[in-house]
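Only one structure is covered here, and it is reproduced in the block below.
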Amino acid sequence: MTERGRLEASAAPAAGSLLLRCRGLAQSFAAVRALRGVDFSIAAGKVRGLVGENGAGKSTLAKIIAGVHTPDTGTIDIEGRPVRFTGAEQALAQRIVTVHQDINLVQTMSVAENLLLNNEPTYGFGIIRRKTMRAAAQRLLEKYEIGVDPDDDVGSLPNDLKKMVQIVKAVSLEPKILILDEPTSSLTDAQVRVALRLIRQLASQGVGLVLISHYLAEIFEVCDDLTVMRDGEVVADGPVNATTLPQVVAAMVGRDVETSRRAAQPGRASAVPLMTVENLTAPGLLQDVSFTLARGEVLGVTGLAGSGLSELSRAVFGASGRQASGRVLIDGKPVPPADPAASLEAGIALLTNDRLREGILPDFTLIENICLPILSRFGRIGGALDFTAMERTAERNIERLRVHAPSAFALARQLSGGNQQKVLFAKWLETKPKAFVMDEPTIGVDVGAKEEIRKIIDEIARAGVGILLVTTELDELVLLCDRVLVMFRGAIIGELWGGEIDRETILRASACGEIRAVAA
Ligand SMILES: Nc1ncnc2c1ncn2[C@@H]1O[C@H](COP(=O)(O)OP(=O)(O)O)[C@@H](O)[C@H]1O
Ligand SMILES: [Mg+2]
């Protein structure tokens, strides 16, 4: 018998025996040290939770174990034998299967093809048996209670079902180690139950699992052990039943760097709100969201990925992709619904979180990028645009927002991410918004640019604009916000004021779905 055969014939490894051990893993991406000496282990029949704030290094660790990245330094042993993966297929060959955070299905193929890709039944010579494949896919979908037709194109499915297909595909590969990177954030409550049950079931069959999740309730429900990461390091590690939720949250946020909040603006909560949002609802995404925003106020909105943050920012601007209901009023006057142009007209601006796809025009000059929404202002009799005035407008903004660019004629693509973001700020500020909705305004920009953009947000608020700051960055909330709304699965579950706005309280509320859920 071959060694492989013997391994498969033998019973599952004894529960608790080590399947995988990493020591001293380090990984840098240019100047970013994503991992700085991480020790980590996965045991048979156990579920290990992996938690940490955004950017802590969780996905990087998952990708190293999955063979996607080869670490700069450090070692990995599988059942005591050292391995060094230089590709994902090598990890797969060891039956280490990963459900990555991003959906990595082939959008243009059917569910059946995706489920059995690289695993297709053939007649020999690689001819795929379509009927067999379809039937196998059907069986898998039924077994895991996923209401999807195997012939549907994956691209046509909503994100929750795509994620379920991704999970089922992973399980169908019969993993020895299964790593799930934030699998539940795009799932419905019922699907979360299915996924968690599946996780326990696989563990009982001897699979070693890793669950990366921000939902600490899930972690405490299904995990045996827990690893907490912060800034690329493991800061806590041990059995789940030996720790408490407040301890985990404290380990995640670490000792607070003294952050100085912006000085409160007196008279903020003036009698008449600038913007009133009433009962915004989008099926499955937003549940009856209501709040008010005052002139000069910075109102934070936060929650976990998948809690409805982007959906809220779009719905307020009338750009919700799905059927949204509810009302938005500016200065007491209703804004026509589902009409971004009318929202702009009423004084609402939206900075989306996808700078590259929906914001910046990379091949256009800064002048064009900044003046686009207000072109009508530069029209002259006879139809030609007043280019000199456009140039002056762009230059005024470049100076005011301290955009580092060779000139107003530079193409947007020549700028760094942070400077592109400032150009988008300029573009929306030129529409003279009363209420400025910002979805993750400092996403993907370097530390220096983050600080500058935060200063700009403060300046805009001081000039009297009401700001709805939608962000998952805890520091940003603490530094900038007068009030913070916390969302959980599409609903606002609470509001924090002034001194209550600290990293630990926000994180705990976001992760548990309750403000003051647990006494520290
Ligand atoms: N491919 C990459 N290129 C550059 N930086 C990266 C890459 N992947 C991750 N990073 C950076 O490494 C750090 C850790 O990221 P990640 O592992 O995704 O964290 P987490 O999953 O805990 O949110 C972050 O600062 C992130 O920006
Ligand atoms: Mg991640």
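Every read-out reported here was derived from the displayed coordinates using simple, explicitly stated rules and does not represent laboratory data. Note that the coordinates shown come from a computational prediction; the quantities given were computed from them, not determined experimentally. Note that we place each Cβ from the backbone using ideal geometry, even for glycine, and neighbour counts take in every protein chain shown.
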Most exposed to least, judged by fewest other Cβ atoms within 10 Å, S59, S204, S17, S186 sort to S204, S17, S186, S59
What FRET efficiency do you get for A135 and T243 if R0 is 51 Å and r is their Cβ-Cβ distance, rounded to the nearest 0.05? 0.65
Rounded to the nearest 500 deg cm²/dmol, what is the calculated helix-only ellipticity per residue at 222 nm for the chain, with -39500 (n - 2.57) per DSSP H run of length n ≥ 4? -9500 deg cm²/dmol
Order of Y144, Y215 from fewest to most other C-beta atoms within 10 Å? Y144, Y215
Modelled label-to-label distance, S407 and K143, 7 Å Cα→beta-carbon offset: nm? 6.6
So the FRET efficiency between R380 and V106, C-beta based with R0 = 51 Å and rounded to 0.05, is 0.50
Once amide hydrogens are built 1.01 Å from N within the peptide plane, the residues lying 5 or more places from G494 or on another chain with amide H under 5 Å from its amide H are V486
In whole Å, what are the Cα extents of the range 12-253 along the three principal axes, biggest one first? 51, 40, 38
Inter-probe distance in nm under a simple model that places probes 7 Å from Cα toward Cβ, at D231 and L117: 3.9
Report the label-to-label distance for D446 and D153 in nanometres (one decimal), using points 7 Å from each Cα along the Cα→Cβ vector. 4.1
Identify the residues of the range 72-96 with backbone N under 13 Å of a label point that sits 7 angstrom from the Cα of S17 along the Cα-to-Cβ direction, or state none. 79-81
Reach of K63 by Cα under 26 Å, taken over lysines that are not fewer than 8 positions away in the same chain: K46, K162, K163, K169, K176
Using amide H atoms built 1.01 Å from N in the peptide plane, name the residues 5+ places from D288, or on other chains, whose amide H lies under 5 Å from its own. T281, A282
Gap separating the Cα centres of the range 35-107 and the range 277-349, nearest whole Å: 39
Computed magnitude of the charge dipole of the chain (debye, nearest 20; Cβ of K, R +1, Cβ of D, E -1): 380
What are the ³J(HN,Hα) values, in whole Hz, obtained from phi via the Karplus relation 6.51 cos²θ - 1.76 cosθ + 1.60 with θ = phi - 60°, for each residue of the range 175-190 in sequence order, with x given for Gly and Pro? x, 8, 10, 10, 10, 10, 9, 6, x, 9, 5, 9, 9, 6, 4, 5
Return the equivalent ellipsoid semi-axes of the range 421-520 as a descending list in whole Å, where each equals the square root of 5 times an eigenvalue of the C-alpha gyration tensor. 26, 14, 12
Using only the C-alpha atoms of the chain, find the volume of their convex hull and express it per residue in Å³. 178
Can you compute the FRET efficiency between A190 and D354 using 1/(1 + (r/R0)^6), with r the Cβ-Cβ distance and R0 = 30 Å? Round to the nearest 0.05. 0.55
Where the centre of each part is set by its Cα atoms, how far does the range 153-221 sit from the range 436-479, in angstrom? 34
Name the residues whose placed amide hydrogens come within less than 5 Å of the amide hydrogen of V234, ignoring near sequence neighbours (fewer than 5 apart) on the same chain. D39
Which aspartates and glutamates have a Cα less than 20 Å from the Cα of K131, not counting those fewer than 8 places away in the same chain? E113, E120, E142, D149, D151, D152, D153
